[in-house]
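The values are calculated or read from the model by the stated rules, or taken from the named source; none is laboratory data. In this text, all values refer to a predicted model and were calculated from it rather than measured experimentally. Counting neighbours? That spans all protein chains shown, and the Cβs are built from the backbone with ideal geometry, glycine included. With ligands, DNA and RNA removed, areas are computed over all heavy atoms of the protein, side chains included. Shrake-Rupley method; radii C 1.70, N 1.55, O 1.52, S 1.80 Å.
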Amino acid sequence: MTKFTRLFLFSLSLTLLFATDSWAKKHAPTATPPEILTPTPTEEPTAVPFKGKKIYTFDAMWGTQGKGNDQLDAPEAVDIGPDGKIFIADTNNNRVLVWDSNGKPLQSFGSFGNLMAWRNPPQFNHPSGIMATASKKIYVADTLNHRVVVLDEKGLAVTAWGSLGKENGQFNQPRSISRDRQGNVWVLDSENSRYQVFSALGDFNTVQGTFGTDPGLLNHPLAMTLNKIDQAIVADTGNYRIQVFNNTGAPVTTQGWFGSGPYQFKRPTGVVVTKSGLIAVVDGPTGRVEFFNNRFEFVSQWKAKDEILDKNFHPHLRGIACDDQNRLYVTDAASNAVIRLRLLEPPNEGTPTPVPPKPTPTPLEDNTLGGAGYPIR
């Protein structure tokens with residue numbers, strides 16, 4: 001190899017070395033920047049104001065706190081008899097009151113206790129469900145005695161069934177009573193998170209439901225009614241929703257979640273199907289009655305504070321019933337009153353329904369009964 005060749009190769013190697021070093025510096029890998037974690041914001045439930053058409057309005061209000069026959073103490077349930085009389089479970093007074101359709105007192109049955117003697121005056125402990133039938137029988141959910149008591153039209157005890165427990169025919173705080181087209185009696189067994197079906201005489205037929213937050217499960221339900229095809233519409237209170245079951249107990253739909261706007265509830269406590277076919281749901285602490293069509297689409301609401309402007313009025317609505325004139329009767333356990341609403345105009349079939357608000361989780365401080373609070377539509 002000549003001297004010239006060696007010099008050429010040395011020069012070439014230096015050139016390649018500097019080129020490689022330059023490329024390496026230019027393309028050197030950079031350290032991955034540390035991941036910056038930001039907390040996911042928790043969405044708060046937003047109250048969506050209702051600006052739609054009103055279909056019910058305030059009509060009358062009766063009652064003050066006390067023990068007189070025209071007074072109440074934290075009434076929970078109400079029903080309308082076939083003759084238009086108002087039957088009230090006057091819960092903290094441990095009795096049943098009967099008023100005419102204009103709030104005039106007619107009868108009072110019951111006192112505190114747990115005795116049950118045939119054809120004698122009844123004793124109750126926190127009665128919170130009531131049903132008056134065409135046969136002039138009065139069925140009472142005697143809640144803290146964990147039984148159903150049946151009275152005749154004079155208010156005397158005819159029969160009773162139930163005791164504290166979880167077995168068939170037993171109850172843990174029954175709170176609502178309905179009757180199907182065959183005359184069977186449906187009892188909402190609240191603290192057992194289920195409902196049971198009996199014959200008119202109290203013979204056990206079947207039971208449906210268990211505790212939980214998934215569709216088809218219940219969480220401390222407080223109210224129930226049956227529609228014209230004997231589907232059970234249940235105020236699934238601890239889950240902040242309404243559930244519908246067919247007459248075999250299979251879930252049909254689950255609607256609602258935590259909040260104070262359309263489709264939302266903070267404590268659904270009463271439900272009834274009106275004579276015009278609307279589903280009316282009481283939401284206790286928000287002082288509202290929400291109205292849905294038979295597809296469970298929201299159509300309207302009535303809010304007590306919008307019409308009863310007394311600054312000292314702080315309602316906690318509880319039970320609801322409907323008479324043959326499509327008037328609604330709502331118990332207010334906080335104000336010790338019964339409020340009557342009259343129909344302004346039923347919604348047309350083509351009335352547009354509000355778009356449901358965005359689902360939001362239930363705040364932990366409000367989630368006292370463990371409900372998830374999310375909608376399942």
Identify the residue in segment 257-283 that is open to solvent by 10 Å² or more (accessible area, probe 1.4 Å) and of a type in the set (Gly, Ala, Ser) and, among all such residues, is nearest to Phe313 (Cα to Cα). Ser260
For Tyr195: the one exception among (1) without any contact (Cβ under 8 Å) to a residue 12 or more places away in the chain; (2) among the hydroxyl-bearing types (Ser, Thr, Tyr); (3) within 27 Å of Ile88 (Cβ to Cβ): (1)
Residue hits (segment 155-177; farther than 20 Å from Met224 by Cβ and of a type in the set (S, T, N, Q)) are Thr159, Ser163
Given (1) closer than 23 Å to Val78 by Cα; (2) in contact with a Gly (Cβ under 6 Å, 6 or more places away or on another chain); (3) modelled with pLDDT of 95 or more, where does Ala200 come up short, assuming only one miss? (3)
Is it the case that some residue within segment 321-328 is crowded, with 24+ Cβ neighbours inside 10 Å and at pLDDT 95 or above? yes
Which of the residues that make up segment 210-240 are open to solvent by 20 Å² or more (accessible area, probe 1.4 Å) and free of Cβ contacts under 8 Å to residues at least 40 places away in the same chain? Thr210, Phe211, Asp214, Leu217, Ile229, Gln231
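If we keep just the residues of segment 284-320 that are among the acidic types (Asp, Glu) and part of a loop (DSSP other than H, G, I, E, B), which is surrounded by the most Cβ atoms within 10 Å (Cβ to Cβ)?
Ranking the candidates gives Glu297 first.
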Only one of Asp83, Asp59 that is in a loop (DSSP other than H, G, I, E, B) and either closer than 30 Å to Val150 by Cα or modelled with pLDDT of 50 or more (or both): Asp83
Are any residues in segment 177-205 assigned to a loop (DSSP other than H, G, I, E, B) and within 21 Å of Val158 (Cβ to Cβ), and if so, which ones? Asp180, Gln182, Gly183, Asn184, Ser199, Ala200, Leu201, Gly202, Asp203
When you check Ala250 against the structure, is it among the small types (Gly, Ala, Ser), more than 26 Å from Ala337 (Cα to Cα) and free of Cβ contacts under 8 Å to residues at least 40 places away in the same chain, yes or no? yes
Count - residues of segment 237-274 that are part of a loop (DSSP other than H, G, I, E, B) and within 13 Å of the chain's Cα centre (by Cα): 7
Going by the conditions given, is Trp99 open to solvent by less than 40 Å² (accessible area, probe 1.4 Å) and more than 22 Å from the chain's Cα centre (by Cα)? yes
When segment 206-236 is checked residue by residue, the ones that are within 21 Å of Tyr139 (Cα to Cα), assigned to a strand (DSSP E or B) and touching a Ser or Thr at 6+ places or on another chain (Cβ under 7 Å) are Ala223, Met224, Thr225, Leu226, Ile233, Ala235
Across segment 304-344, what is the total count of residues that are more than 26 Å from Pro221 (Cα to Cα) and among the β-branched types (Val, Ile, Thr)? 1
The number of residues in segment 106-135 that are over 20 Å from Ala334 (Cα atoms) and in a strand (DSSP E or B) is 10
Scanning segment 59-90 for residues that are surrounded by 14 or more Cβ atoms within 10 Å (Cβ to Cβ) and β-branched (Val, Ile, Thr), which turns out nearest to Lys303 (Cα to Cα)? Val78
